[in-house]
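> Take this structure first; my questions come after.
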Amino acid sequence: MLNIGEGLIQLHTRDTSYILYTGRQGLPECLHYGGRIGVDDAAPLLPKVEAGYGGDVVCRDGQAALSSLRLDLSPVNRGDYRAPALLAELPGGATTADYRFQTSRQLKEAPAAGMPHGREPDEVLALDFAEPGGLQVELFYSVFCEANVITRRMRVTNRCAGPVRLLRCLSYQLDLPGRDYELYNLTGAWARETQLTRRPLAPGILRFGNGTGASGNRVNPFFFLARRGAGETTGEVYGFNLVYSGSHEGSVEVDGFCRTRVSQGLWSEGFSWPLAPGQSFTTPEAVLTFSDKGFDGMSQNMHHFVKNHIIPPRWRNAPRPVLVNNWEGTYFNFNEGKLLAMARVAAKLGAELFVLDDGWFGERNSDKAGLGDYDVNRKKLPGGLSGLAGRVNALGMDFGLWVEPEMVNRDSKLYRAHPDWAVVSPGVTPATGRHQLVLDICRPEVREYIINSVNATLDSANISYVKWDMNRHISDNYSPALEDQGQFHHSYILGLYELLRGICEARPDILFEGCASGGNRYDLGMLYYMPQFWISDDSDAHERQRIQTGASYGYPPCTMGCHVSAVPNHQTLRVTALETRFHTAMFGLLGYELDMTALTRSQRADVKAQIAYYKAHRKLLQFGEFHRLKSPFEEAGCRWMVCSPDGDEALVGDFLGLMVPNADEPPMRLAHLDPEALYEIAVRPMKIDIETFGGLINYILPVHLNPDGLLVRTAGKFYRMDTEAERYTASGSLLCRAGLARMQNFSGAGYSDSLRFLHDFASRAYYLRRLDDPYTAT
Ligand code: DGJ
């Protein structure tokens, strides 16, 4: 809700309020951002400070020093010594800028300027400011009521007599009272994305971000600030993100008065944007949320926003298919026969989509050649894409394809024809990444070529899904198309969005999945065009629990591609149980990425049962509300829960780290259930291979057998044990407040069928269903 009056501007979402005041000094003061206050309650917030503090510089005689104000836009060189969101060189070279409030407006939408943004805001506010020389600044606030999100962006227009150059132009600055916060970022590297990193604030500036040309795996644009003492379900937490896919930065600055300034936007190192008179520049949109219900409350807001206001509406409620991808099963070494053999097994086991990954075109038999040449390799696929797609369709599955449109190998026909299309700085041999160069999509002719060639490929066969990859950081920043090379990073991303509009938006029924060597560009900008993302090349279940937990702070699991792969795992050489790999992947968008033909008979039976279980609970898993019950960033093990929005059902995944004998086994406590309701809770039944027991087999069976012998191996093919069968009826209050006492873990003694047989990285899944009879606590 938007309420404007007497310089006091109130933005309210369901549970939050953002109160602005423009009534003194003509500047936007943020009087409150946090929990919702009554619409008539804001007046006592009006500022009382009029005198400056000792040593302060006063920008307008008799008025408060800027350093004591909490400002959404800071005049430059006028006494606010915190880092400003906007820094511009005005005609003549001065950077001093004294903005004054002009007017406020209500709009239907804020300007997008060719960038993705939150869809369907409830309300939009624009605040206009002007600087005496003619620089005009508009601050936009979009309100998303149910998501408890307010987005911000800024547009700067040159109404001066001469040219202006933007030196820094962030999406927002937000001043919070106090400094009693901890900063949480998602940091990492290739195959180790979205690791939760915590830092307490101290006086000074903490600057973080990613300058590799993509939103990046080093520091994701999502971060949050938690008031000291806040935890998973309690305490005050502010969440922040950008709807942007390129280099970005954020900073948190604690000033001498112990106030905290948060700002975020385009990476400013090397940034420089010329504005001729009359020209404007619009920043990417930033996403702000607040919750007093801890990390979980903040995550629920972000998840709601992504599900309802970011991903393409076509996919909001559309169930995503169980896919099989050939990459880790074959890498570049495949032909049609091999792919169809894999597809046949996949179809029998219940998969719905077969995805052909890298290596299907040109001379692409390794990562050294072929990128850029999307003509089918007929040696591998004699029937072309349409032939293969037709055969996959005949098996009852959809067909999907991998592409990497932004890149080129030197060893390719495209590069030989257009060597000047690669990003190169004059006189410097360009750096390569994975043997490839970056296509200069700042140039319109390059964009046109890519749009036409990718669309021609997509039209050449019955393709229902596309994996859009991007496998290197950007370097050698230069484009002959630009007036100022400080425009390079952002122009690349504007070029990328034009490609995505020309390809993804033009084919709304194709399911696009983003990928950038895994999660190197997992952000709201990409999710605006592609509802899902391959969030890491690391498919090891144990690592994935950390990666998926980290990502879940800002992004809902319905955006995360998660695959079951072979063991030893190709990234970590770790061996985890097939069921654990499945339980981990099923909390995202389930896929299998292994050679299906290599699965044993019993593994095929397991996979078939897994896919059936996933399909039975797909709606809950893909569209339910995801919660973290136990974080691998805080303790060994991991526990996740997903609840249906109506509270009638839930699924819990419980993951062990290393097995510890005779460890304390506290009851399993859940959360987010109706304390008054009665639930049935049942463990997912699984099979255990008898080889798991090694020499112990002789204590279980009446006859003596060699554990490595043929008999055990042969018997193991036909006989497998059932895991414990646990099924209870319990109240929500018991499950959440006391916890479920489960069967004891096997700890080296006393075999019986009322034990749970766990091992390193073992896991269990529990399905909960609310029983019809209302529970009455006695
Ligand atoms: C990197 C991706 O993350 C992988 O999943 C795979 O598609 C390869 N690229 C193919 O080159």
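> Output the relative contact order of the range 689-778, whole-number percent, from Cα pairs under 8 angstrom with separation of 6+ residues.
Across the range 689-778, relative contact order equals 21 percent.
> Mind ordering 748-757, 349-358 by average Cβ neighbours within 10 Å, highest first?
With the highest mean Cβ count within 10 Å placed first, the list reads 349-358, 748-757.
> Would you be so kind as to identify which of H32, M596, L401 lies farthest towards the positive end of the dipole of the chain, taking Lys and Arg as +1 and Asp and Glu as -1 on Cβ and the Cα centre as origin?
It is M596.
> Given labels modelled 7 Å from the Cα in the Cβ direction, how far is it in nm from A94 to E634?
5.3
> Taking the Cα centre of each part, how many Å lie between the range 1-43 and the range 670-741?
When both Cα centres are located, 56 Å separates them.
> OK, next. When all protein chains stay in place, what accessible area (Å², nearest 10, 1.4 Å probe) is found for T194?
Only protein atoms counted, so the area is about 10 Å².
> Pull out the extension gain between K368 and A112, defined as 0.36 nm times the separation in residues minus the alpha carbon to alpha carbon distance; nm, one decimal.
Full-extension gain reported as 88.3 nm.
> Also: Take the Cβ-Cβ distance between E120 and E483 as r, set R0 to 35 Å, and report the resulting FRET efficiency rounded to the nearest 0.05.
The computed FRET efficiency comes out at 0.50.
> At a Förster radius of 51 Å, what calculated FRET efficiency corresponds to the Cβ-Cβ distance of S460 and D61, to the nearest 0.05?
0.10
> Here's something else I'd like to know. About its Cα centre, what dipole magnitude does the range 472-578 give when the only charges are +1 on Lys and Arg Cβ and -1 on Asp and Glu Cβ, stated in debye to the nearest 20?
360
> Go through K307, K619 and list them by solvent-accessible area, largest first, probe radius 1.4 Å.
Highest to lowest solvent-accessible surface, that is K619, K307.
> Excluding ligands and nucleic acids, what accessible area in Å² is computed for D122 using a 1.4 Å probe, to the nearest 10?
Roughly 90 Å² of D122 is accessible to a 1.4 Å probe.
> Over what distance in Å are the Cα centres of the range 261-317 and the range 600-653 separated?
The distance from the Cα centre of the range 261-317 to that of the range 600-653 comes to 29 Å.
> Shifting gears a bit: Between S731 and residues 5 or more places away or on another chain, which pairs have amide H atoms under 5 Å apart, with H built 1.01 Å from N, and which residues are they?
Excluding prolines and chain starts, which carry no amide H, the hits are Y679.
> Could you tell me how far the Cα centroid of the range 46-125 sits from the Cα centroid of the range 395-429, in Å?
The range 395-429 and the range 46-125 have Cα centres separated by 43 Å.
> What net charge is computed for the residues neighbouring G716, neighbours being all others with C-beta under 9 Å from the C-beta of G716, Lys and Arg scored +1, Asp and Glu -1?
+1
> Quick one: order L658, L439 from most to least accessible surface, probe 1.4 Å.
L658, L439
> Dipole magnitude of the range 232-303 about its Cα centre, charges +1 at Lys/Arg Cβ and -1 at Asp/Glu Cβ only, in debye to the nearest 20?
180
> Mind giving me the nanometre distance, one decimal, between the label points for Q279 and Y331, set 7 Å out from Cα along Cα→Cβ?
Roughly 4.7 nm, to one decimal.
> Keeping all protein chains in position, work out how much accessible area I150 exposes to a 1.4 Å probe, and write it in Å² to the nearest 10.
Accessible area of I150: about 0 Å².
> For the range 55-135, what is the relative contact order in percent, using Cα pairs closer than 8 Å and at least 6 residues apart in sequence?
24
> Still on this structure, I have one more. Output the antiparallel fraction of DSSP beta bridges having both residues in the range 397-515, as a percent to the nearest 5.
For the range 397-515, the DSSP antiparallel bridge percentage is about 40.
> Further, regarding this structure: Would you list which lysines come within 22 Å of K413, measuring only between C-alpha atoms, while excluding same-chain residues fewer than 8 positions from it?
K368, K379, K380
> Apply the Karplus curve 6.51 cos²θ - 1.76 cosθ + 1.60, θ = phi - 60°, to the phi angles in the range 115-127 and return the couplings in whole Hz, x for Gly and Pro.
Karplus values, whole Hz, x for Gly and Pro: 10, x, 6, x, 7, 6, x, 6, 8, 9, 10, 10, 10.
> Return the FRET efficiency for the residue pair S752, K608: r is the Cβ-Cβ distance, R0 is 41 Å, and the value is rounded to the nearest 0.05.
0.90
> I would also like to ask the following. What translational D, rounded to a whole number of µm²/s, comes out for the chain from Stokes-Einstein when the hydrodynamic radius is the Kirkwood one over Cα pairs, at 25 °C and 0.890 mPa s?
For the chosen part, D equals 87 µm²/s.
> Here's something else I'd like to know. Could you give the length gained on full extension between E676 and L573, defined as 0.36 nm per residue of separation minus the Cα-Cα distance, in nm?
Answer, rounded to one decimal: 32.5 nm.
> Moving on to the next point. Can you tell me, using C-alpha contacts under 8 Å and at least 6 residues apart, the relative contact order of the chain as a whole percent?
Relative contact order comes out at 10 percent.
> Return the lysines within reach of K630: Cα separation strictly under 30 angstrom, same-chain partners fewer than 8 residues apart disregarded; answer none if there are no such residues.
Output for K630: K293, K307, K608, K615, K619, K687.
> Sum up the charges of everything whose Cβ sits under 14 Å from the Cβ of G270, counting Lys and Arg as +1 and Asp and Glu as -1, but leave G270 out.
-2
> Separate question: Which of rounded, prolate or oblate describes the range 35-187 when judged by the alpha-carbon gyration tensor and an a/c cut-off of 1.5?
It comes out oblate by the Cα gyration axes.
> Could you derive backbone 3J(HN,Hα) for the range 57-68 from the dihedral phi with the Karplus parameters 6.51, -1.76 and 1.60 (θ = phi - 60°), listing whole Hz in sequence and x where the residue is Gly or Pro?
So the Karplus estimates, Gly and Pro as x, are 9, 9, 7, 10, 3, x, 10, 5, 5, 4, 5, 9 Hz.
> Towards the positive end of the charge dipole of the chain, with charges on Cβ (+1 Lys, Arg; -1 Asp, Glu), say which of W421, V262, A456 has the farthest Cα.
It is A456.
> Same structure again: Counting other Cβ atoms within 10 Å of each Cβ, which GluC sites (Glu not before Pro) in the range 3-78 have at most 12 and sit in a DSSP loop?
Those satisfying the criteria are E6, E50.
> On to the next question. Put +1 on the Cβ of each Lys and Arg and -1 on the Cβ of each Asp and Glu in the chain; which of A318, P444, L356 then has its Cα farthest toward the positive end of the dipole?
L356
The values are calculated or read from the model by the stated rules, or taken from the named source; none is laboratory data. Since we're looking at a predicted model, the values are computed, not measured. Methodologically, a virtual Cβ is constructed for each residue, glycine included, from the backbone with ideal geometry; neighbour enumeration extends over all protein chains shown. Ligands, DNA and RNA are stripped out before the accessible areas are found, and what is left, the full protein with its side chains, is counted by its heavy atoms. Shrake-Rupley method; radii C 1.70, N 1.55, O 1.52, S 1.80 Å.
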